[in-house]
Amino acid sequence: MKQADTIVLKKMISYCDDIADMLNQFGDDYEDYLSSKTFQYAASMCILQIGELVNRVSEETLKENAQIPWHSIRGIRNIFAHSYDRTDPELAWQTITQDVPELKEQLQTILTKPVSEE
């Protein structure tokens with residue numbers, strides 16, 4: 001894996017950590033999420049950033065790690081960026097409580113692979 005990919009994946013993990021921090025701060029209950037626009041907007045921004053960062057991962061790393069739904073991550077980013085007012089809150093909740101923690105684990109596994117000098 002290229003050094004540049006390592007940097008990008010670490011940034012993605014950082015946004016995953018930010019979402020985990022929000023769940024600790026605001027509460028990990030769906031009703032808490034629904035009642036706080038701040039929580040919703042902050043989590044959405046992290047999802048946007050994660051999706052945007054996928055575009056900076058090399059094609060090689062994307063192919064080597066096809067178990068990660070890269071295309072879906074980009075897709076959810078586009079939904080949050082372009083159709084936020086029509087985003088299903090339950091989909092957003094599932095993303096931050098289930099998909100993001102799973103993504104973090106997968107990214108951490110990738111980072112255990114050797115880094116090339118490129």
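Each residue of the stretch 39-44 was assigned a 3J(HN,Hα) from its phi angle through the Karplus expression (A = 6.51, B = -1.76, C = 1.60, θ = phi - 60°), giving 4, 4, 5, 5, 5, 4 Hz with x at Gly and Pro.
The amide H of LYS2, built 1.01 Å from its N in the peptide plane, has SER116 as neighbours under 5 Å, considering only residues 5 or more places off or on other chains. In order along the stretch 88-103, the Karplus-derived 3J(HN,Hα) couplings, from 6.51 cos²θ - 1.76 cosθ + 1.60 at θ = phi - 60°, round to 6, x, 5, 5, 4, 4, 4, 4, 6, 9, 10, 5, 5, x, 5, 4 Hz, and Gly and Pro are given as x.
Note: relative contact order over the stretch 3-109, using C-alpha pairs below 8 Å and six or more positions apart, is 37 percent.
Couplings 3J(HN,Hα) of the stretch 46-52, computed from phi: 5, 4, 4, 5, 4, x, 5 Hz, in residue order, whole Hz [Karplus 6.51 cos²θ - 1.76 cosθ + 1.60, θ = phi - 60°; x for Gly and Pro].
Applying the criteria of a DSSP loop state and at most 10 other Cβ atoms within 10 Å to the trypsin sites (Lys or Arg not before Pro) of the stretch 38-118 yields no site.
Three principal axis extents describe the C-alpha atoms of the stretch 3-109; from largest down they are 41, 27, 19 Å.
Extension gain for THR109 to ARG74 (0.36 nm times residue separation, less C-alpha to C-alpha distance): 10.6 nm.
How high is the FRET efficiency between SER83 and THR38 when r is their beta carbon distance and R₀ equals 22 Å, given to the nearest 0.05?
According to the calculation, E is roughly 0.60.
GNM on the chain, alpha-carbon springs under 10 angstrom: the most fluctuating residue among LEU107, LEU53, LEU34 is LEU34. The dipole here belongs to the chain: it is taken about the Cα centre, uses +1 on the Cβ of Lys and Arg and -1 on the Cβ of Asp and Glu, and is about 400 debye.
Computed from the coordinates by the stated procedures, all read-outs in this text should not be read as laboratory data. Please read all numbers here as calculations on a predicted model, not as lab measurements. FYI the Cβ positions are ideal-geometry reconstructions off the backbone, even for glycines, and counts take in every protein chain you see.
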